[in-house]
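Structure first, then comments.
The values are calculated or read from the model by the stated rules, or taken from the named source; none is laboratory data. Remember, it's a predicted structure, so these values are computed and weren't measured experimentally. Ideal geometry is used to build each Cβ from the backbone, glycine not excepted, and the neighbour counts take in all protein chains shown.
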Amino acid sequence: MFYDPKTKEPGMEKQDKSDLLVKDKEYVKYVQLLKKAEKEGRLDGGWVCGLCGMKYAEREDAASCCRVQV
């Protein structure tokens, strides 16, 4: 709420915040999982799981990704 001193009435004022850089909230668990996936080669890996599409660095990992073990 903005108080206009000239009219002595409350009002709304649009503030220009284009000059400000606001950092988004960082989610620690997400960042940790992202770093782990990158380290394991699951980001931009050369092999893709045929069912879910997750990428892996190794062919065996991609082949066993969604395989049901009985």
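Could you please let me know if Val68 is in a loop (DSSP other than H, G, I, E, B), β-branched (Val, Ile, Thr) and either modelled with pLDDT of 75 or more or surrounded by 10 or more Cβ atoms within 10 Å (Cβ to Cβ) (or both)?
Numbers: in a loop (DSSP other than H, G, I, E, B): yes; β-branched (Val, Ile, Thr): yes; either modelled with pLDDT of 75 or more or surrounded by 10 or more Cβ atoms within 10 Å (Cβ to Cβ) (or both): yes.
Yes; evaluated as a whole, the condition is true for this residue.
Which of the residues spanning segment 6-50 are modelled with pLDDT of 80 or more, among the hydrophobic types (A, V, I, L, M, F, W, C) and either at positive phi or surrounded by 10 or more Cβ atoms within 10 Å (Cβ to Cβ) (or both)?
Passing the criteria: Val31, Leu33, Leu34, Ala37, Trp47, Val48, Cys49.
Of the residues Tyr3, Tyr56, only one is modelled with pLDDT of 75 or more and surrounded by 10 or more Cβ atoms within 10 Å (Cβ to Cβ); which?
Values: Tyr3 fails: modelled with pLDDT of 75 or more.
The conditions single out Tyr56.
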